[in-house]
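What follows draws every value from the coordinates through simple rules; no lab data is involved. What you see is a predicted model, and the numbers here were worked out from it, not measured in a lab. Note that each Cβ is placed from the backbone with ideal geometry, even for glycine, and that neighbours are counted across all protein chains shown.
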Amino acid sequence: MSTAYPINEIFETIQGEGQFTGVPSIFVRLQGCPVGCPWCDTQHTWELKEAARVGASGVVNKAGPSEQWAELSAADIVALFREQGYQAKHVVITGGEPAMYDLRPLAAELEPLGYRLQIETSGTFTLLVSADTWVTVSPKLDMPGGYLVRPDCMQRADEIKYPVAMQKHIDALDNLLSRCPPRPEVSISLQPISQRPRATELAIKTCIARNWRLSVQLHKYLNIE
Ligand code: SF4
């Protein structure tokens, strides 16, 4: 039987964060996340409610955030991409927490068709991804769900993208990097939380001092999804 995924939404846009900023991308948002970040901007993805289950057409190009989700196989997802006429070849698997699911069957379907996958994850679940999947770990530390960032996720990361507002967040990242060292070639970026001016100033100053990258959530400045 083929793997089915609970999908909250699918849409095509420009990647606004991290290493692939500016790259046309198809976003596949999975439903479900137990991590519980208080400032999470996708809280509608946290729970998988049977009452919110809809058909495939209910999750494509949604007008706004909703708890509705559809159960789709990898083949269903490819069929939707074709139906919609999406042109992007970069596919961002996000959530929710997409690492709760085995993403290898999805990669096996998409990669032979020329798609490149990127997963955005909190680093708190064992990664089940293809060798070619670009792994962006946005580590979530000390969150109410009680999940720990996993050393194996930090090792597999191609990119670490960390939301910051205050110096204590940088200190916590430093602590994590020494406890769970990533590979030397990993790209590290700081992302100011909610575009706050002080957070942005701190992130810029720290990125320059450390030779890290700044990730500014371009889509929020452009007011696109
Ligand atoms: S891990 Fe991501 S989806 Fe889950 S609560 Fe935190 S920010 Fe939200």
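For the reader, a short list of remarks on this structure follows.
- In the chain, helices alone account for a calculated mean residue ellipticity at 222 nm of -7000 deg cm²/dmol, with every DSSP H run of four or more residues adding -39,500 (n - 2.57).
- Tilt relative to the chain, helix 197-210 - C-alpha long axis, 0 to 90 degrees, to 10: 70
- Exceeding the 26 Å Cα-Cα cut-off - candidates 140/220; 49/161; 49/168; 140/205: 49/161; 49/168
- Under 17 Å from the residue 40 label point (7 Å along Cα→beta-carbon), backbone N, region 109-125: 120-125
- DSSP finds beta bridges in the chain, and of those with both partners inside it, around 30 percent are antiparallel.
- Cβ-defined net charge surrounding residue 127, 9 Å radius [Lys, Arg +1; Asp, Glu -1]: +1
- Alpha-carbon centroids, region 37-87 and region 154-222: separation in whole Å: 28
- Based on Cα contacts under 8 Å between residues 6+ apart, the chain shows a relative contact order of 18 percent.
- Once you divide the Cα radius of gyration of the chain by 2.2 N^0.38 Å, the number left is 0.99.
- For the chain, the longest principal axis of the Cα atoms and the long axis of helix 167-179 meet at an angle of about 80 degrees.
- Residues residue 155 and residue 195, FRET efficiency given R0 of 30 Å [Cβ-Cβ distance, rounded to 0.05]: 0.45
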